[in-house]
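Okay, structure first, notes after.
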Amino acid sequence: MFASASPDCWYFFYPDIMSGNQQFHMLSALAVILAAICFAIALLLLNRVQTEHPMIVARNVLIMASIQLVVFASITTPFTLDEVSSNAIGSIIYLGVMCAGVVYYLYMMSIKNAGAVFTSMTNYLVPAVGVFIAALITDDSIQTTTWVALVVILSALLIKQMVEKNEQ
C-alpha cells in the first residue's frame with residue numbers, strides 16, 4: 001500500500017503511517033502534493049509581478065480567488081438565504097479586509113522586499129506559531145515531532161540567509 005508513494009514524500013506522512021491506525025489514504029497524500037505544487041507555481045507567478053504595487057497584486061489575486069470560490073461553492077453547495085444579519089455582513093467584511101486583505105498585502109510586500117524564496121520559507125513559521133499559541137491557550141503539550149519540525153524550519157531559514165550573505 002505504501003510502496004507506491006514517492007520516497008521523497010515519506011516525511012509528510014510519517015506520523016500518519018506510524019500511528020498504526022491503517023488509515024493512510026493515497027488521495028489525501030496526492031492532494032497535499034498537488035497543493036504544494038500549486039503554491040510553488042503561485043510563487044513563481046508572483047515573482048514576475050514584483051515591480052507592481054503590492055496593493056494592486058493583492059487586490060487582483062483576492063478578486064480572482066473570490067470569483068473561483070463563488071463559482072465552486074455555487075456548484076457544490078446548496079444556497080439558501082433566509083435572512084441576512086448586520087452581524088454576518090460585518091463578519092464577512094472583517095474577514096475579507098483584515099484576515100485576507102491586510103495579510104495578503106503584507107505577503108506581497110515581503111515578496112517585493114525579500115524575494116519569493118525567503119517569503120515562501122517564512123510561511124513555514126505560521127503553523128509553528130499557531131501551534132505555540134494553541135498550546136499556551138489550551139495547555140496542551142507539544143509533541144517531539146513538532147519541535148523537530150521547528151528546528152528544521154529555523155535551520156532552513158538560517159542556511160538560506162547565510163547563503164545569501166555569502167553570495168553578496
**Request:** Scan (1) open to solvent by 60 Å² or more (accessible area, probe 1.4 Å); (2) aromatic (Phe, Trp, Tyr); (3) touching a Pro at 6+ places or on another chain (Cβ under 9 Å) for the single condition Tyr94 breaks and write down its number.
**Result:** (3)
**Request:** Go through Val61, Val97, Val70 for me and flag whichever is farther than 25 Å from Lys165 by Cβ and touching a residue at least 40 places away in the same chain (Cβ under 8 Å).
**Result:** Val61
**Message:** Just to be sure I understand the filter: pairs with C-beta atoms under 7 Å, separated by 6 or more residues or on different chains, first member in segment 111-132 and of a type outside the set (D, E, K, R) and at pLDDT 80 or above, second member surrounded by 13 or more Cβ atoms within 10 Å (Cβ to Cβ) and not in a helix (DSSP H, G or I). Which pairs pass?
**Reply:** Ile111/Gln50; Val131/Ile142
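Filtering segment 44-58 down to residues that are touching a residue at least 24 places away in the same chain (Cβ under 8 Å) and surrounded by fewer than 16 Cβ atoms within 10 Å (Cβ to Cβ), which residue is nearest to Ala100 (Cα to Cα)? Spell out how you get there, then give the answer.
Taking segment 44-58 and keeping what is touching a residue at least 24 places away in the same chain (Cβ under 8 Å), we get 44, 46-47, 50, 54-55, 57-58.
Of the ones still in play, those that are also surrounded by fewer than 16 Cβ atoms within 10 Å (Cβ to Cβ) are 44, 47, 50, 55.
Numbers: Leu44: 20, Asn47: 20, Gln50: 19, Met55: 12 Å.
Applying the filter and picking the extreme gives Met55.
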**When residues of segment 68-97 are limited to those that are modelled with pLDDT under 85 and among the hydrophobic types (A, V, I, L, M, F, W, C), the one nearest to the chain's Cα centre (by Cα)** = Val97
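Test Leu154 against the stated conditions and say whether it is among the aliphatic types (A, V, I, L, M), surrounded by 11 or more Cβ atoms within 10 Å (Cβ to Cβ), touching a helix residue (DSSP H, G or I) at 6+ places or on another chain (Cβ under 9 Å) and at pLDDT below 80.
Numbers: among the aliphatic types (A, V, I, L, M): yes; surrounded by 11 or more Cβ atoms within 10 Å (Cβ to Cβ): yes; touching a helix residue (DSSP H, G or I) at 6+ places or on another chain (Cβ under 9 Å): yes; at pLDDT below 80: no.
Judged against the criteria, Leu154 is not a match.
The values are calculated or read from the model by the stated rules, or taken from the named source; none is laboratory data. Treat the numbers as computed from the prediction; the structure is a model and nothing was measured. Neighbour counts run over all protein chains shown; Cβ positions are idealised from the backbone, glycine included. The accessibility values were calculated without ligands, DNA or RNA, using every heavy atom of the protein model including side chains. Shrake-Rupley method; radii C 1.70, N 1.55, O 1.52, S 1.80 Å.
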